[in-house]
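The values are calculated or read from the model by the stated rules, or taken from the named source; none is laboratory data. The shown structure was predicted, so the numbers you read here are calculated from the model rather than taken from an experiment. With ideal geometry, Cβ positions are generated from the backbone for all residues, glycine too; neighbour counts draw on all protein chains shown.
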Amino acid sequence: MMPTVMFMKWNALITGDCGDPPEVENGLISYISFNATTTVTYECADGYYLQEGIEYSTSRTCLTSGNWSKENILCNAECGDPPELQNGGISYLDKTFVSYDCIGGYQFQEGVGYSTSRTCLTSGNWTNETILCNVDCGNPPELQNGEVSMNTTTENSVVTYKCINGYHFHENITSRTCLASGNWTEGNISCIKIDDNYCEGSDCGLSAGVLAAIICGAVFIPLSCLVAVAGCVVRLRLRKLKKSENILSLTSTEASTLPLHHTNTNQSPVQQLREELRTKNMLIPKSQLRLGRVVGQGESGIVYCGYMKSIRGNEVVAVKTGKALLAVKDKDRLLKEVLLMLNFNHPNVMSLIGLSFEGETPLLIMPFMSKGNVLGYVREHRETLFLTDIDHEKVQEATKTGLGMCYQISKGMAYLAKFKFVHRDLGRKELHD
């Protein structure tokens, strides 16, 4: 049963005749003052306490108007002793709030859902926040000539070590774990200076210099041999090509020096090429092209990075064109290149998007190779392809990259061989991404 206010028979004595003082839930009158104005003071029943603060009071006064003043008087239920904390203790306590601290060797669990304090509710219960004190291993041992990486130092936390440049681990232990005992796992973690005898994994037994030579040889010797063999084949095929190919011309002013027709057709070479390009939707109006920066240049031609308007929008393309006032043989070479590339369709062979005949020289439109040629790639990635600090994973990656390049070149050359075509300038600058 809730306690109620207890009153005495004082009505005749109260100045202003305010009647009985207001009741306070869970409270009772502890004192009455009969001065100029009558004042009553309240206290709370057992198990309750008066709410403190500037908005609350402990008494009311009988006013000359015959009414009691309206101060806010509140009796809250006491929550009693707060819950204990394993591996911790109370750092501050009053009737409404308690905060905790972890004992030495432990620290609070942090994160969403965890707290370090509780509040007393009006129901007489402490809030039920989750408060944990976990084992704290403290800062892990330092590593001379190395660095440590960590997030937390509580139980089951793992810290990892890394040797600085020029040093390597003496043994194959690179981390420590925080145990329930509050200690880090033991083990000899040390960094020693790298010398000529240092090796790792399957590379052991070979010196760094020997291994580097093997890797470089395995990657680049096959590529060099491939280029050399291709060069020999070119020389043998070139004679046959000169005998069997008709020379093509673009302009009527140059036609007097060249055959006007193929031996097996009544169309001129240019007409035949135009018709074939038109049939394959590869004849591109110059109005659809916009030339940008120069990305390559040779004796007889310039290559631009440009844009081509198509149904897919503006496509980035490579545009190859001859220099001004090209010699007849250079234009012939360009047209021969077009005729040979019309039917190429292989991922490791440069394909032809189209051709524009407008202007003094034809424009060849091809896919733009954004990563450049093999020579540029090798120069850019020299540190990873030509290894000096031998690392097993780096060696595997370098070998994989180099042999992959050789394999793709071989696939492209094998495809061209099916057409009895010989690449006449297979070099590092002609090999692209």
So which of Thr388, Thr399 is β-branched (Val, Ile, Thr), at pLDDT below 65 and surrounded by fewer than 15 Cβ atoms within 10 Å (Cβ to Cβ)?
-> Thr388
Just to be sure, is Thr116 closer than 30 Å to Asp17 by Cβ, among the β-branched types (Val, Ile, Thr) and either under 40 Å from the mean Cα position of the chain (by Cα) or surrounded by 15 or more Cβ atoms within 10 Å (Cβ to Cβ) (or both)?
-> no
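Here is a yes/no grid of residues against (1) outside the structural domain of Tyr48 (by TED's automatic domain parsing); (2) under 30 Å from Glu52 (Cα atoms); (3) outside any loop (DSSP other than H, G, I, E, B); (4) hydrophobic (A, V, I, L, M, F, W, C):
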{"site": "Ser123", "(1), (2), (3), (4)": "yes, yes, no, no"}
{"site": "Thr160", "(1), (2), (3), (4)": "yes, no, yes, no"}
{"site": "Thr177", "(1), (2), (3), (4)": "yes, no, yes, no"}
{"site": "Gly182", "(1), (2), (3), (4)": "yes, no, no, no"}
{"site": "Ile189", "(1), (2), (3), (4)": "yes, no, no, yes"}
